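This report concerns only the one structure given below.
The values are calculated or read from the model by the stated rules, or taken from the named source; none is laboratory data. Since we're looking at a predicted model, the values are computed, not measured. Cβ placement follows ideal geometry from the backbone for every residue including glycine, while neighbour counts extend to all protein chains displayed. For accessibility, only protein heavy atoms count, side chains too; no ligands or nucleic acids. Shrake-Rupley method; radii C 1.70, N 1.55, O 1.52, S 1.80 Å.
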Amino acid sequence: MAMKKIVLSVCAAVFAAVSAWAGSYVWTGGGSKTTWETLANWSVDGETPTALPGEEDDVTIPVGASEGTAVTMSLSTARTIHSLTVSGGAGTLTFTVSQPLTIASGGLTIPAGAKFAMDQPCSVTGNVVVAAGGTLTHSGSAGVSAGEKYKLFLTVEGSFTVAAGGKVDAQGLGFNSGGPGTGSLVAGHGGRN
């Protein structure tokens with residue numbers, strides 16, 4: 001009987017430690033309002049965290065809440081997170097990224113009314129879902145380094161789903177014949193023949 005109590009106690013301690021590693025980070029913009037690396041811009045269970053979101057953490061950006069209709073975020077070092085969900089009403093999330101962003105198996109979700117504009121390469125190990133009324137795009141050339149202008153550079157290892165009414169939008173951002181870039185389309189599929 002004593003052995004069962006010890007095993008259960010050890011299992012409970014390990015579970016508590018593992019659970020403490022993974023967090024649900026919510027963007028508040030309470031610090032610098034734009035910088036990913038500012039701890040005061042994040043909340044975990046209503047508290048300012050002691051570490052930035054990492055590869056085990058789920059991140060939610062509630063566009064249109066504390067920031068009004070647009071959230072512009074700066075990412076100055078390479079980051080890996082578990083998942084990213086853009087939530088809220090008719091808002092825009094713009095990443096100004098000078099380093100890669102990797103979203104692990106939890107994936108990227110862009111719900112109705114949200115727009116995810118990215119200006120640097122983004123890699124998603126899991127799935128990407130653009131819901132009806134959601135938009136995935138880039139910012140064109142404004143404020144973007146020369147090598148990244150006119151690109152929507154997204155690598156998806158899981159499924160890429162654009163629901164009816166959702167869109168991937170490059171119109172007027174260098175992709176069409178009227179834009180400043182020449183544009184090209186490279187596409188593949190996830191294993192179906």
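What are the residues whose amide H is under 5 Å from the amide H of MET73, where those residues sit 5 or more places off or on another chain and H is modelled from the backbone?
Correct list: THR94, PHE95, THR96.
What does the charge add up to near ILE110, with Lys and Arg as +1, Asp and Glu as -1, over the other residues with Cβ less than 12 Å from its Cβ?
Overall, the nearby charge balance is +1.
List every residue whose amide H lies under 5 Å from the amide H of GLU37, counting only residues 5 or more places away in sequence or on a different chain, with H placed 1.01 Å from N in the peptide plane.
Counting only residues 5 or more places away or on other chains, the set is SER76.
How much accessible surface does PHE153 have with a 1.4 Å probe, in Å² rounded to 10?
100 Å²
Would you please give the residues with an amide H less than 5 Å from that of PHE160, counting only those at least 5 places away or on a separate chain, with H modeled from the backbone geometry?
Excluding prolines and chain starts, which carry no amide H, the hits are VAL128.
I want to check the label-to-label distance for SER76 and ALA164. Put each point 7 Å from Cα in the C-beta direction and report it in nm to one decimal.
Here the answer is 4.7 nm between the modelled labels.
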